[in-house]
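Since every read-out is calculated from the coordinates, none of them should be taken as a lab result. This is a predicted model, so every value here is computed, not measured. As a convention, Cβ positions derive from the backbone with ideal geometry for all residues, glycine included, and neighbour counts pool all protein chains shown.
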Amino acid sequence: MKTIEKFQMIFEQKIMPYILGLDFINNNREYYEPVIYTLEKPSNKFRSATCFAAAEICDIVEKDVLPIAAVSELIHSSIIIQDDIADNNQTRRKNQTAWEKFGACYSL
């Protein structure tokens, strides 16, 4: 398996379910739709998966790494949304941007 595919699999099977299970997201899902939408779009998911690689090297338990991996993706997605608004990008990797879909005010 290629490294990028492995990173994507880690994200889809471990990190995204963890993010979607967070209370602050579940209790306020409508506010996080732009970020969730961005997270679901194609990406290499390199940031969060490297947390797992580092944990393996340092012999850290996987469950202890999940919050760090989740935060790295949440921050990155927020930056992507802000960057797309600032640059007035309507698409990212051939997909509609979050601000274009949900509106700039709602996406911020």
Sole residue being in contact (Cβ under 8 Å) with a residue 40 or more places away in the chain and exposed (fewer than 15 other Cβ atoms within 10 Å of the Cβ), chosen from Ile4, Ile15, Ile75 | Ile4
Check the range 36-56 and report whether any residue there is of a type outside the set (A, V, I, L, M, F, W, C), more than 15 Å from the chain's Cα centre (by Cα) and not in a helix (DSSP H, G or I).
-> no
Do we have Glu30 as farther than 18 Å from Glu12 by Cβ and surrounded by fewer than 17 Cβ atoms within 10 Å (Cβ to Cβ) here?
-> yes
Considering only the range 44-67, how many residues are over 18 Å from Thr3 (Cβ atoms) and surrounded by 15 or more Cβ atoms within 10 Å (Cβ to Cβ)?
-> 1
